[in-house]
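These notes are about the structure you will find just below.
The values are calculated or read from the model by the stated rules, or taken from the named source; none is laboratory data. Predicted model, so just to flag it, every value in this text is computed and none were measured. Note that we place each Cβ from the backbone using ideal geometry, even for glycine, and neighbour counts take in every protein chain shown. We work out accessible area using only protein heavy atoms, side chains counted, and drop any ligands, DNA or RNA first. Shrake-Rupley method; radii C 1.70, N 1.55, O 1.52, S 1.80 Å.
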Amino acid sequence: MAYLDLSGLQKSFGANQVVKSFDLGVAKGEFVSLLGPSGCGKTTVLRMVAGFETPTAGAIRIDGQDVTGQRPNQRNIGMVFQAYALFPNLTVAQNVGFGLKIAGVSAKETADRVAEMLALIGLPEMGARYPFQLSGGQQQRVALARALAPRPRVLLLDEPLSALDAKIRVSLRSEIRDIQRKLGITTIFVTHDQEEALSMSDRVVVMNGGRADQVGAPFEIYNHPATRFVAQFVGTLNTLDAVVTNAARGEVTVQGQPLQLGQAIAAGQGATVGLALRPEVVHLEADTALISRGDFALAARIASVDFLGAVIRVKAQTAAGVIALDLFNRPDAPPPPVGAEMALRFRGQDVIVLG
Amino acid sequence: MKRILSWATIGFAVVYFFLPLVGMLEFSLKMRRGEYSLDAYRSVMGDPQFQATFGYSVLMACLTIVFGVLVVVPTVFWVRLKLPRLRPFMEFITLLPLVIPPIVIVFGYIRLFNTSSWLPLTGSALGTDFLLMCGYAVLALPYMYRAVDTGLAAIDLATLTEAAQSLGAGWITVLARVILPNVLVAVLSGAFLTFAIVIGEYVFAALLDRPAFGPYLVWAGGNKAYEPAALAVMTFALTWACMMLIQLATKFSKHTRMPR
């Protein structure tokens, strides 16, 4: 049985059902992200686990104990908020020690634990400061230390990086992950940022319309999306229409050219299916003769080139529509000029068939 | 021309507000014929009735502040957190003491809580003191409510409450250790305003027949010459001291500085 078990969770606000039968089992020490667009119900699920919202139906169990009816202060769950939520009237050390003081831990033990937590987050000298004297990143690290100090059974992170600037966000997410691994604490992380979810998590739950569309490891979610929504929400996607020529053997035609897919298709012969391609599986070829040689390739005209640093995002106009592809930056190979006539090539095994 | 007009307006306002005060101060110092002295102040301070009434009013003011804080802070907290739709209603209710004359309120109290009523508070001195404190709390309600409401609006109430709850705090702990310290400056503002109101209040104390400072002021005004002016100056000084304390409390509140 999972350490944190959410079964059949539902939540309605009046006539609006925000969470529709949500099931999830989280193993002890696992880091699971709830990923989805605004309004998909991810924060509501987190708030139900924390005890701030009462489920309309369903149950929440931690280590086999049903906590559905317990108040938030009885659950021993640590939570980090988007807005830091440090107590402005308390110093950093007092903030970190707050939960221990409430629990009646002795002053000596509290001081030791606070020092340990401040060392863990890399701010051992900041104990006497007030929150307003810290940067956003430091405040969020203190919030993390405060949540961890009372040794909670589960750690909940509610978009903790959203209010930070891009560089700190990247460094702090790896810090959070390192601390989580070190302590082995079961963690649920809510985010709408797919990069955060994919880079930090053991498993990702992609939510859509109050349900979990897919639960899986980041590699699986990205490369084998279970639904059209997951495919489109996670990562950038090019979509093409194809006509099925042999469903069992996975043969289709795209713009009249035959393409052998890596899987059978659940559609009848002559039916039109949607294919999806990640930008990194599309290759740009200067040799347009490819097309006439019979290899699968689409004639393309470069429509735009965006230099992003390590990666160059190219958009090419084809007869099947605009296709985006990514090139690695190489100082000795400048990107193609806009308007250049080229060929786009990809393998049938790399194509995702949209359900 | 515009500049001259502005200065003229300010000059007029200063003269209008301060000239009577200066006149009153000067008069209060003229008790000894032919020279300025503090005789009127000495006379007032030495009057046992002054000491008794002033002490009584200070005590009542302190009790009113405690009572007001205990009633207003949890109420505003709960309305802001759980019942935000009730805020317009609360605004209306808390404005009523400014609209309904104190004499109407006190007659209502006397009618409701007289010796032949179901709760005969006016039947004993302690009961009447309690009634007077409730009356003072009602008079101070518009100021206390607004001060606390403004203070709570300045903090992220919901998130701080949830953060404290997730760390194991119950409602009383949340209020006492998280919310109250963070709105202390606002509460102090409300407290000093309450103090200033209670110290000079006449109608409630006179009609409930309690030995408060307000009725003493009126009595002194009718029976003495220089002392009423001295008392008025002292009352003004006390009120201004309260206002300065509000400013000082704001200034020395470390954690309310703007974040960087």
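Structure summary
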item: Flag for B:ALA205 being more than 13 Å from chain A (Cβ to nearest Cβ), closer than 21 Å to B:PRO74 by Cβ and buried (at least 24 other Cβ atoms within 10 Å of the Cβ); result: no
item: Filter result for the condition that a residue is open to solvent by less than 30 Å² (accessible area, probe 1.4 Å) and among the aromatic types (Phe, Trp, Tyr), over B:PHE192, B:PHE252, B:PHE236, B:PHE213; result: B:PHE213
item: Which numbered condition B:LEU5 misses (of (1) over 23 Å from B:TRP240 (Cβ atoms); (2) open to solvent by less than 90 Å² (accessible area, probe 1.4 Å); (3) of a type outside the set (D, E, K, R)); result: (2)
item: Single residue of B:THR94, B:THR194, B:THR159, B:THR128 found to be within 14 Å of chain A (Cβ to nearest Cβ), assigned to a helix (DSSP H, G or I) and of a type in the set (Ser, Thr, Tyr); result: B:THR159
item: Residue list for region A:142-158, restricted to those being open to solvent by 30 Å² or more (accessible area, probe 1.4 Å) and either polar (S, T, N, Q) or out of contact with any Gly (no Cβ under 7 Å at 6 or more places or on another chain) (or both); result: A:ARG151, A:ARG153
item: Scan of region B:94-111 for residues that are over 16 Å from B:GLU201 (Cα atoms), surrounded by 12 or more Cβ atoms within 10 Å (Cβ to Cβ) and under 18 Å from the mean Cα position of the chain (by Cα), ordered by number; result: B:THR94, B:LEU95, B:LEU96
item: Number of positions in region A:239-259 that are open to solvent by 10 Å² or more (accessible area, probe 1.4 Å) and under 30 Å from A:GLY209 (Cα atoms); result: 2
item: Sole exception among (1) open to solvent by less than 50 Å² (accessible area, probe 1.4 Å); (2) in contact (Cβ under 8 Å) with a residue 60 or more places away in the chain for A:GLY262, by number; result: (1)
item: Subset tally (residues that are open to solvent by less than 70 Å² (accessible area, probe 1.4 Å) and acidic (Asp, Glu)) for region B:27-68; result: 2
item: Residues of region B:201-218 satisfying the condition of being closer than 15 Å to B:LEU121 by Cβ, outside any helix (DSSP H, G or I) and not basic (Lys, Arg); result: B:LEU208, B:ASP209
item: Selected residue (criterion: nearest to A:GLU341 (Cα to Cα)) from residues of region A:239-267 that are touching a strand residue (DSSP E or B) at 6+ places or on another chain (Cβ under 7 Å) and small (Gly, Ala, Ser); result: A:ALA242
item: Members of region B:163-189 found to be open to solvent by less than 30 Å² (accessible area, probe 1.4 Å) and within 7 Å of another protein chain (Cβ to nearest Cβ), listed by number; result: B:ALA163, B:GLN165, B:SER166, B:LEU167, B:GLY168, B:ALA169, B:GLY170, B:VAL178, B:ASN182
